[in-house]
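Asks: Take this structure, written in structure tokens, and hold onto it; I'll ask about it next.
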């Protein structure tokens, strides 16, 4: 009774030097006398000799993958390793894509900002929120202004209220050294319905 090859699709990539592989051992690379076997649907098969586990993998046209090498005995699962790797890579890519979508912009204001500058800064915050970015708003205190933190707090409150239709306060105003910081995040945008053009029946 022969053991299956290291992988149905040539999964065995031996490391000839270079970085240590973090991939699990599969099929003939699992060199232990016995394993705690888990079936393809997650069912517990029990502790079986490695030869029997490899035979079951071959009979099922699946791979035997060591999923818990430190257990005693190691835990191995019957699965389609090629499909498993592909799905794992897809999930990792999706996770990275979601992380990179979250951008934090920064907007700095003075506690005694004049009305024109305030409107300009508010316009930037509006643009950032509309683009789906978070905004870190920093109030910079100088000299005696540091004894009047309520000025910064009121300014941040005012800004949050002015842009409340586009975003919400994710992190409330708090002192950060000589500054006061607040983080705003955009509301989740609802799915837009595609408008169907109206055809003129009289044409």
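The values are calculated or read from the model by the stated rules, or taken from the named source; none is laboratory data. None of these values were measured; they are calculated from a predicted model. A quick note on method: Cβ atoms are made from the backbone with ideal geometry, for glycine too, and the neighbour counts reach across all protein chains shown.
Asks: Return a yes/no flag: does region 93-114 have any residue that is part of a helix (DSSP H, G or I), more than 26 Å from the chain's Cα centre (by Cα) and in the same structural domain as residue 170 (by TED's automatic domain parsing).
Replies: Taking region 93-114 as the starting set, the residues that turn out to be part of a helix (DSSP H, G or I) are 93-101.
Within this subset, residues satisfying the condition of being more than 26 Å from the chain's Cα centre (by Cα) are none.
Checked region 93-114: no residue is part of a helix (DSSP H, G or I), more than 26 Å from the chain's Cα centre (by Cα) and in the same structural domain as residue 170 (by TED's automatic domain parsing).
Asks: Residue check: is residue 153 part of a helix (DSSP H, G or I), in contact with a strand residue (DSSP E or B) (Cβ under 6 Å, 6 or more places away or on another chain) and within 15 Å of residue 105 (Cα to Cα)? Outline the logic, then answer.
Replies: Details: part of a helix (DSSP H, G or I): yes; in contact with a strand residue (DSSP E or B) (Cβ under 6 Å, 6 or more places away or on another chain): yes; within 15 Å of residue 105 (Cα to Cα): no.
No, not satisfied.
Asks: Would you mind finding the one in 87, 52 that is in a helix (DSSP H, G or I) and modelled with pLDDT of 95 or more? Quick ask: steps written out before the conclusion?
Replies: On the way: 87 fails: modelled with pLDDT of 95 or more.
Just one listed residue meets the conditions, 52.
Asks: Please work out which one of (1) within 15 Å of residue 124 (Cβ to Cβ); (2) in contact with a helix residue (DSSP H, G or I) (Cβ under 6 Å, 6 or more places away or on another chain) is the condition residue 136 fails and give its number.
Replies: Unmet condition: (2).
Asks: Which residue is surrounded by the most Cβ atoms within 10 Å (Cβ to Cβ), if the candidates are limited to region 122-133 and must be out of contact with any helix residue (DSSP H, G or I) (no Cβ under 8 Å at 6 or more places or on another chain) and assigned to a helix (DSSP H, G or I)? Explain how you work it out, then say what you get.
Replies: So in region 122-133, the residues out of contact with any helix residue (DSSP H, G or I) (no Cβ under 8 Å at 6 or more places or on another chain) come out as 123-124, 126-131, 133.
Right, trim to assigned to a helix (DSSP H, G or I) and you get 123-124, 126-130.
Details: 123: 11, 124: 12, 126: 16, 127: 13, 128: 23, 129: 21, 130: 13.
Step by step, filter region 122-133, then rank; the result is 128.
Asks: Now, a different point. It is to be established whether one or more residues within region 106-128 are at pLDDT below 90 and touching a strand residue (DSSP E or B) at 6+ places or on another chain (Cβ under 9 Å). Walk me through it before giving the result.
Replies: Initial filter on region 106-128 (at pLDDT below 90): none.
No, that holds for no residue.
Asks: Do we find a residue being in a helix (DSSP H, G or I), at pLDDT below 95 and not assigned by TED's automatic domain parsing to the domain that holds residue 160 anywhere in region 70-81?
Replies: Looking for residues that are in a helix (DSSP H, G or I), at pLDDT below 95 and not assigned by TED's automatic domain parsing to the domain that holds residue 160, one finds at least one in region 70-81, hence yes.
Asks: Within region 7-44, which residues are outside any loop (DSSP other than H, G, I, E, B), touching a helix residue (DSSP H, G or I) at 6+ places or on another chain (Cβ under 8 Å), modelled with pLDDT under 95 and over 14 Å from residue 84 (Cβ atoms)?
Replies: Once the filter is applied, which keeps residues that are outside any loop (DSSP other than H, G, I, E, B), touching a helix residue (DSSP H, G or I) at 6+ places or on another chain (Cβ under 8 Å), modelled with pLDDT under 95 and over 14 Å from residue 84 (Cβ atoms), region 7-44 yields only 28.
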